[in-house]
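Readers should treat all values here as calculations from the given coordinates under stated rules, not as data from a laboratory. In this text the structure is predicted, and so the values were computed from the model without any measurement. Quick reminder, even Gly has a Cβ in these numbers, built from the backbone with ideal geometry, and neighbours come from all protein chains shown.
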Amino acid sequence: MKEQTPLIYLCIHKRLEDKYQNELFKLKDLFSILGRIYHINKKFHYAVLKELENLKLMKRINQHIVKMLKCNVDLENTSKIYKKVGLF
């Protein structure tokens with residue numbers, strides 16, 4: 001079975017990639033984006049972070065710093081996105 005990535009994680013990754021361009025950034029900034037833009041409840045922030053790490057979209061450097069990893073999906077090509085999330 002193919003590995004499928006939930007679409008919301010690809011959207012979050014794209015948003016962070018546009019803002020930080022593979023630089024290190026603080027968890028506080030990530031949690032701010034999750035809360036203000038995606039309206040994800042505060043108690044789920046660490047769960048979302050863990051999912052992003054498990055999907056190899058993000059790497060935690062230390063307790064307060066994370067780094068974006070390169071996504072192997074071209075997020076400008078919708079057919080590749082649909083295949084990645086398992087729509088066809």
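Annotation for segment 54-88: trypsin sites (Lys or Arg not before Pro) lying in DSSP loop with at most 16 further Cβ atoms inside 10 Å of their Cβ are K56, K70. Of the GluC sites (Glu not before Pro) in segment 39-88, the ones in a loop by DSSP (not H, G, I, E or B) with at most 10 other beta carbons within 10 Å are E76. Going from the residue with the fewest nearby Cβ atoms within 10 Å to the one with the most, T78, T5 rank T78, T5. The Cα trace of the chain gives Rg and Dmax of 12.9, 38 Å, the first to one decimal, the second as a whole number.
Calculated mean residue ellipticity at 222 nm for the chain: -14000 deg cm²/dmol, from DSSP H runs with n ≥ 4 weighted as -39500 (n - 2.57), summed, divided by the residue count and rounded to 500. In this structure, the residue pairs whose Cα-Cα separation is over 26 Å, taken from K26/K80; K28/K70; K43/K83; K56/K80; K26/K83; K19/K56, are K26/K80; K43/K83; K26/K83. The C-alpha atoms of the chain define a longest principal axis, and helix 7-20 lies at about 60 degrees to it.
A simple spin-label model places the labels of S32 and K19 0.7 nm from each other, with each point 7 Å out along Cα-to-Cβ.
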